[in-house]
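Structure first, then comments.
The values are calculated or read from the model by the stated rules, or taken from the named source; none is laboratory data. Everything numeric in this text was worked out from a predicted model, so none of it was measured. A quick note on method: Cβ atoms are made from the backbone with ideal geometry, for glycine too, and the neighbour counts reach across all protein chains shown. When the accessible area is computed, the model is the full protein with side chains, heavy atoms only, and any ligands, DNA or RNA have been set aside. Shrake-Rupley method; radii C 1.70, N 1.55, O 1.52, S 1.80 Å.
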Amino acid sequence: MKSILLISAVFLCSFLNAQNVKIEGTVQDSLGNGLEMVNIIATKKLDGSMDSYAISNFEGRFSLLLPEGNSYLLTASYLGMKATAVEVDLLNNAAVEPLKLVLREDEQLLDGVELVYEMPVVVRGDTIVYNTDSFTNGNERKLADVLKKLPGIQVDDDGGIKVEGKTVSKVMIDGKDFFDGDSKLATKNIPADALSKIEVLKNYNEVSQMRGLGNDEDNVAINIKLKEGKKNFWFGDVEGGLGYGGETRYLGSSKLFYYSPETSVNLIGKSNNTGDVPFTFRDYFRFSGGFKNFNSGGGTSFNINDSGLGFLFAQNDRANELQSHFGAANATHQFSKKLSFSAFIIYSDNQTRFINQSIKNYILTGATELTSNNSDQQNRLGLLKFSSVYKPNDRFQLDYDIFLKNIDQTEKGGIISEFFDENGSVENPIQEQKQNKPLSINQNINAYYTLDANNIFAGYFQHLYHNEDPFYKAILGLQPFMSILPLDENQDAFNINQNRNILTSKFDAKIEYYHIINKLSNINLNLGSLQSNQEFNSFIFEILDNGSINYFEDQVLANDVKYRFSDVFFGAKYKLKTGIFTFTPGLTLHNFNSYLNDQKGERENNMTLLLPNFHTNLQFRQSERLTFAYNMIADFTDINNVAEGFIFSNYNRLFKGNRDIENGIFHNLNLNYSNFSSFNFTSIYGNISYSKRINAIRNSTFIEKINQISSVINSDFVDDNLSVSGSFQKKFRKFNVNAESTLALSTLNIVVNDLNKESRNFSQNYKASGETNFKTFPNFEIGYNLSSNSYNNGGVKSTYITHRPFANIEYNFLNAFSFMADYSYFNYSDLAGSIANEYSFLNAKLYYQKSESPYELSFNASNLLNVRTINRDSFNENFNVTSQFFVQPRIIMVGVKYNL
């Protein structure tokens, strides 16, 4: 490890010390005014190849680095002006005085720009256009590899994209949604060699009539421009591989794409048992279909909760074995200028084995529980969406979507639970079974109408149908909850089961009216409603040794509940732009009504609230801004937290709702700063978020040893959440530096055994790296990642720290070979010194492909050091958990890919 980092550091230092000359200057118009966003290209006089480039800042200044020993031609170009050039001689190592370039208007170019070279970065208003060939080195294989090398763009391990710290919500190819704009499917499947340009669309709104009316600063989309040879043709690849890693390993993959001006088709298929998960359970819940939350900022939080069965997420870094099958198809078609359709279907089948050991330290009782878990999980996920857009003219647009999500999820496993207290230890063997088959159908109808230049109307209508039937079984050696569950004590084991069914029908509607006063201000009025109807049924029963069923008749062990929630609201906003400021204050008047019918009878509540919101934007320059937002939110719960019959969803936990639960009030503040300088290719992002929660809905838990009985209450204490994050990226010719950090501090008040306890969680994550980007030399990345999680639960303190230095290498050689390797060293410990674990992951890939050949041969080795366990930690209001997961062994694969 040390030798790898030392070699990389020496190489990077030698690069930084190379003899480069800094060329500075200004670009002005004929009146002496500085010109912003002028493209300056430095080409070698000898062969005309581009060596460097720059973009002038708001003062017209530019700066670039050029190697000594060459003569260069610096050419400046700008929209509507005649390009100008100047020679720079660096043959004799002579000092270069600051340059002054003057551009003059050219009427023949007013409708275009004189193209003197393919500019790496072009900024046009809220659009940044990257020429991908200017940043890539030939080692890139997927869209994610390309995006990581573009200034101001970050891609996380899950395929999420951020631009200047803001999450990209939509990905398009030549203006057409790629699987409804999903970033993960795009970054991990679109081939890098098909890309021509990447367009970053800030302040994005997919409805042209609505652009600029609201606050779209957080809406960012990416549009991928394909190379000309990829249009009107099918392209993609087919790959297969075999290998060994404790057993026979296989992989198969096929990707096929077609794009024309009217039609696009995307087909993706993957199957493997190597640990690659194309689509996870987490992705299923994340997949929302783009910008459909039309009531964000309205002041109401009402979410439909999931079953709470606690399925383990199928992450490949935590799985002992993982087999995945995935298929997806997406198509769009423009039938006419007025009508377009799009659809996609996704199917995923993941079979996962988890083997893990955990230590739980219960805060109040002081008990410690050791668990050994061996479970098998299968997730069959299906998604289907159909969309249409009808736009007969520029004044009217009608959208319709229907989105179906279905899942068949099962988990079976065995747990050995051993807990320790002052009286000694007790062991409890447990068999668990979890099953859930939720189905949801979401329909949207949106209409937009422009009456005239100053009056615009919009209507949004959405209906959600959701049906789920979670089932839980636990067979325990020891009798749990003796005072609540009337179990037959004359059994070899206690076989406890619970069936549930939750049915939801939710309708949202909103009508908006915009009156444009002038170019700098508008008024927005909106009238809307949220109507939710839910039914909840559950019962607990015991299966006896002889197969007969013992039904529990106590009404506290069953639910037959109907719950209706209504929100009718009227809101107003005023948007004003003055100088660099844009102010948008707003008020929304809500009338809330809830109706509950359960075993205890009926209950109805009604209340009226006036909820303010405020948003301001300071646009210092075209690519530098500061935004501040404040929202007051009324937080309501759904039927899961009002149904008072006990829910048995974990072997040592019972939960019941509270029919008298009230809403909480949240005060959310957010301060965001972003700055992308095309002058020196530096991207800076910072964010501070604070949330103050009053009357928050919290769990109240009674714990005896390790058994928990929980309900929900409205907290009498204020909870606080503060998070600070930032990132820095800078490009020096062929060298990039990256730094990012996230800090989060939460203060929660928990009630355990009728005692209020303050719980503090402070998490820190710091990451810094440096990397090269050569086309003909080896490329290195070295970096360091430090994460720390500190927990203080009722005075019980613990801190877990992970140090992770890492290094990557990419090298093309002999015109046909590509070698890639990544190494990470983990040092995991707690501050008390009771836990210490070290492990390293080394992965390597070797590709062989002759020039112009469609075939590629690959050798892939994952987990070369054969690490068998990793560590994770977490906390909640009742206990801290440190877990050790047994992961997949070393896997060696040989594969062949054919490029279409």
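Odds and ends about this structure:
- For beta carbons closer than 7 Å, sequence separation of 6+ or different chains, a first residue in the stretch 480-499 that is over 14 Å from I540 (Cα atoms) and a second that is small (G, A, S) and not in a strand (DSSP E or B), the qualifying pairs are A493/G477.
- Taken over the stretch 690-699, the criterion of being open to solvent by 30 Å² or more (accessible area, probe 1.4 Å) and of a type in the set (S, T, Y) is satisfied by Y690 alone.
- Where a residue in the stretch 667-689 is farther than 29 Å from M119 by Cβ and surrounded by fewer than 16 Cβ atoms within 10 Å (Cβ to Cβ) and its partner, wherever it lies, is aromatic (F, W, Y) and modelled with pLDDT of 85 or more, with Cβ under 7 Å and at least six apart: L669/Y630; L669/Y690; L671/F628
- If you check L201, L256, L251 for being touching a Phe, Trp or Tyr at 6+ places or on another chain (Cβ under 7 Å) and either at pLDDT 90 or above or within 23 Å of R625 (Cα to Cα) (or both), only one passes: L256.
- Among the residues here, K202 does not qualify as under 17 Å from the mean Cα position of the chain (by Cα), basic (K, R) and crowded, with 18+ Cβ neighbours inside 10 Å.
- Condition check for T608: of a type outside the set (F, W, Y) and closer than 30 Å to I684 by Cα: no
- Residue in the stretch 870-887 that is closer than 30 Å to N753 by Cα, more than 25 Å from the chain's Cα centre (by Cα) and of a type in the set (D, E) present: yes
Each row is one residue, and each column tells you yes or no for (1) under 20 Å from F135 (Cβ atoms); (2) small (G, A, S); (3) open to solvent by 60 Å² or more (accessible area, probe 1.4 Å).
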| site | (1), (2), (3) |
| --- | --- |
| Y766 | no, no, yes |
| E771 | yes, no, no |
| N779 | yes, no, no |
| G783 | yes, yes, no |
| Y791 | no, no, no |
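- From the options G214, G175, G181, residue that is open to solvent by 20 Å² or more (accessible area, probe 1.4 Å) and under 18 Å from S340 (Cβ atoms): G175
- Applying the condition of being in contact (Cβ under 8 Å) with a residue 12 or more places away in the chain and either open to solvent by 50 Å² or more (accessible area, probe 1.4 Å) or touching a Cys at 6+ places or on another chain (Cβ under 6 Å) (or both) to the stretch 414-426 and asking which residue is farthest from I496 (Cα to Cα) yields E422.
- Filter pass, Y362 being over 28 Å from Q323 (Cβ atoms), touching a residue at least 40 places away in the same chain (Cβ under 8 Å) and under 31 Å from the mean Cα position of the chain (by Cα): no
- Subset tally (residues that are more than 19 Å from A343 (Cβ to Cβ) and surrounded by fewer than 17 Cβ atoms within 10 Å (Cβ to Cβ)) for the stretch 238-276: 10
- Of all residues in the stretch 343-369, those being assigned to a strand (DSSP E or B) and open to solvent by less than 30 Å² (accessible area, probe 1.4 Å) number 11.
- The one condition in (1) modelled with pLDDT of 95 or more; (2) surrounded by fewer than 16 Cβ atoms within 10 Å (Cβ to Cβ) that N495 fails to fulfil: (2)
- If the condition is being touching a residue at least 40 places away in the same chain (Cβ under 8 Å) and either closer than 17 Å to F732 by Cα or open to solvent by 30 Å² or more (accessible area, probe 1.4 Å) (or both), then the stretch 41-56 contributes I41, A42, K45, M50, S52, Y53, A54, I55, S56.
- Output for the stretch 796-821, where each listed residue is surrounded by fewer than 16 Cβ atoms within 10 Å (Cβ to Cβ), without any contact (Cβ under 8 Å) to a residue 24 or more places away in the chain and farther than 30 Å from K757 by Cβ: F813, L814
- Inside the stretch 28-40, residues that are at negative phi and free of Cβ contacts under 8 Å to residues at least 24 places away in the same chain make up a count of 1.
- Any hit, the stretch 548-555, residues being under 15 Å from K473 (Cβ atoms) and open to solvent by less than 60 Å² (accessible area, probe 1.4 Å): yes
- The number of residues in the stretch 829-856 that are open to solvent by 60 Å² or more (accessible area, probe 1.4 Å) and either within 27 Å of E321 (Cβ to Cβ) or part of a strand (DSSP E or B) (or both) comes to 5.
- Test: residue in the stretch 174-184 that is at pLDDT 85 or above, charged (D, E, K, R), within 30 Å of F813 (Cβ to Cβ) and not in a strand (DSSP E or B): no
- Scanning the stretch 236-262 for residues that are in contact (Cβ under 8 Å) with a residue 24 or more places away in the chain, assigned to a strand (DSSP E or B) and over 21 Å from Y848 (Cβ atoms) returns L256, F257, Y258, Y259.
Yes/no matrix, rows are residues, columns are (1) touching a Leu at 6+ places or on another chain (Cβ under 6 Å); (2) modelled with pLDDT of 80 or more:
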position	(1), (2)
T84	yes, yes
L91	no, no
L103	no, yes
E107	no, no
G112	no, no
M119	no, no
N139	no, yes
A144	no, yes
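- Single residue of S387, S340, S372, S440 found to be crowded, with 20+ Cβ neighbours inside 10 Å, in contact with a Ser or Thr (Cβ under 9 Å, 6 or more places away or on another chain) and of a type in the set (S, T, N, Q): S387
- Residue in the stretch 448-465 that is open to solvent by 30 Å² or more (accessible area, probe 1.4 Å), farther than 30 Å from L339 by Cβ and touching a strand residue (DSSP E or B) at 6+ places or on another chain (Cβ under 7 Å) present: no
- Total residues in the stretch 651-677, condition assigned to a strand (DSSP E or B), more than 30 Å from R625 (Cβ to Cβ) and either in contact with a Pro (Cβ under 9 Å, 6 or more places away or on another chain) or not aromatic (F, W, Y) (or both): 3
- Output for the stretch 620-639, where each listed residue is open to solvent by 20 Å² or more (accessible area, probe 1.4 Å) and within 30 Å of F471 (Cβ to Cβ): D635, F636
- Selection within the stretch 870-899 - open to solvent by 30 Å² or more (accessible area, probe 1.4 Å), among the polar types (S, T, N, Q) and either more than 30 Å from D719 (Cβ to Cβ) or not in a strand (DSSP E or B) (or both): N876, Q884, N899
Rundown of residues vs (1) at pLDDT 65 or above; (2) open to solvent by 60 Å² or more (accessible area, probe 1.4 Å); (3) closer than 30 Å to N232 by Cβ, yes/no style:
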| residue | (1), (2), (3) |
| --- | --- |
| F285 | yes, yes, no |
| E321 | yes, no, no |
| S324 | yes, no, no |
| A329 | yes, no, yes |
